[in-house]
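Working notes, beginning with the structure itself.
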Amino acid sequence: AGAAIRGFGLDALESTRVVDVMTLAFSKSALDIEKFQTSMTKVAPIAAAAGISIETTTAIMGTLTDTGIEASIAGTSLRNIFLKMQDSSSDLSKHLGFTVNSSDDLQKALSDLNDEGLSNEEIMKLVDLRQVAAFQSMISGADKVQNLTVELNNATGAAEVMAAIVGDTLEGSFKRLTSASEGLQIELTGKLAKGLQENIDKLANFLNAMTDNSAAVVKVINVIT
């Protein structure tokens, strides 16, 4: 989440939004936290520069992952495709008749290309050979991208709901108990640290003194016994 926030130039206060988007995307596509991190580190800054939201970018990544494209390849391909879409001199922008500078522009581009029914040969003229598979999946999945984007734009509260579902188990109860006990430990340690430290140091000194005088200690124990 932190990497996505930095990559898209978002405020830290929007971390809840990002986590909600991640949570819903993980439940609606083959994306998981590792795939999300791998792909977003490659594409996020470029998407942000193009005015493409994290919701739209995540929707595309989910669509590409669903088709079996590996996360690193998907992220790299999407980054290069976005760059071409922002370059007015590229063959892709010339074919579209405009450059992509927002999520709406991107959705229009994908819909237009989908309506054209381009062949692989025609797609190879617009993007590099290594991006053909990803671009073809984006185009053919234009409707899915749009629908998932709408869902992600309305993802508020998704993480809280998911946490409640996952946590409604005996394991979840034990985790909450552990968390509560650790919280108490931290509080008590912070507030009682000075006094406890002095007493523990005195106890350590006392034990060291007993060790230094172990012969006398043994004699006393024998007498008591």
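The values are calculated or read from the model by the stated rules, or taken from the named source; none is laboratory data. Predicted model only: the values in this text are computed from it and were never measured. No Cβ is skipped: glycine too gets one built from the backbone with ideal geometry, and neighbour counts run over all protein chains shown. In case anyone asks, the SASA skips ligands and DNA or RNA and just uses the protein heavy atoms, side chains included. Shrake-Rupley method; radii C 1.70, N 1.55, O 1.52, S 1.80 Å.
Overview of values
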| quantity | calculated |
| --- | --- |
| Verdict on Ala50 being open to solvent by less than 10 Å² (accessible area, probe 1.4 Å) and either over 26 Å from Lys125 (Cα atoms) or in contact with a Phe, Trp or Tyr (Cβ under 6 Å, 6 or more places away or on another chain) (or both) | yes |
| Only listed residue being among the acidic types (Asp, Glu) and touching a residue at least 60 places away in the same chain (Cβ under 8 Å), chosen from Glu182, Glu151, Glu187, Glu198 | Glu151 |
| First in the stretch 1-22 and hydrophobic (A, V, I, L, M, F, W, C) and modelled with pLDDT under 90, second anywhere and open to solvent by less than 50 Å² (accessible area, probe 1.4 Å) and not in a helix (DSSP H, G or I), Cβ under 8 Å, 6 or more apart | Ala4/Leu10 |
| Residue in the stretch 162-170 that is over 30 Å from Glu55 (Cα atoms) and either part of a helix (DSSP H, G or I) or open to solvent by less than 100 Å² (accessible area, probe 1.4 Å) (or both) present | yes |
| In the stretch 155-174, residue farthest from the chain's Cα centre (by Cα) [restricted to those that are under 25 Å from Arg17 (Cβ atoms) and charged (D, E, K, R)] | Asp168 |
| Hits in the stretch 119-132 - residues which are surrounded by 14 or more Cβ atoms within 10 Å (Cβ to Cβ) and in contact (Cβ under 8 Å) with a residue 24 or more places away in the chain | Leu126, Val127, Gln131 |
| Of the criteria (1) modelled with pLDDT under 90; (2) open to solvent by less than 50 Å² (accessible area, probe 1.4 Å), which one Phe135 fails | (1) |
| Residue match in the stretch 149-157 (condition: out of contact with any strand residue (DSSP E or B) (no Cβ under 9 Å at 6 or more places or on another chain), surrounded by 14 or more Cβ atoms within 10 Å (Cβ to Cβ), of a type in the set (A, V, I, L, M) and assigned to a helix (DSSP H, G or I)) | yes |
| Total residues in the stretch 23-65, condition acidic (Asp, Glu) and in contact (Cβ under 8 Å) with a residue 40 or more places away in the chain | 1 |
| Any chance Ile33 is open to solvent by 10 Å² or more (accessible area, probe 1.4 Å), at pLDDT 90 or above and either out of contact with any Gly (no Cβ under 7 Å at 6 or more places or on another chain) or among the polar types (S, T, N, Q) (or both) | yes |
| Hey, Thr99 under 30 Å from Ala49 (Cα atoms) and open to solvent by less than 80 Å² (accessible area, probe 1.4 Å) or not | yes |
| Test result for Leu83, open to solvent by 40 Å² or more (accessible area, probe 1.4 Å), in contact with a helix residue (DSSP H, G or I) (Cβ under 7 Å, 6 or more places away or on another chain) and either hydrophobic (A, V, I, L, M, F, W, C) or under 21 Å from Lys144 (Cα atoms) (or both) | yes |
| From Thr38, Thr76, residue being open to solvent by 30 Å² or more (accessible area, probe 1.4 Å), touching a Gly at 6+ places or on another chain (Cβ under 7 Å) and modelled with pLDDT of 90 or more | Thr38 |
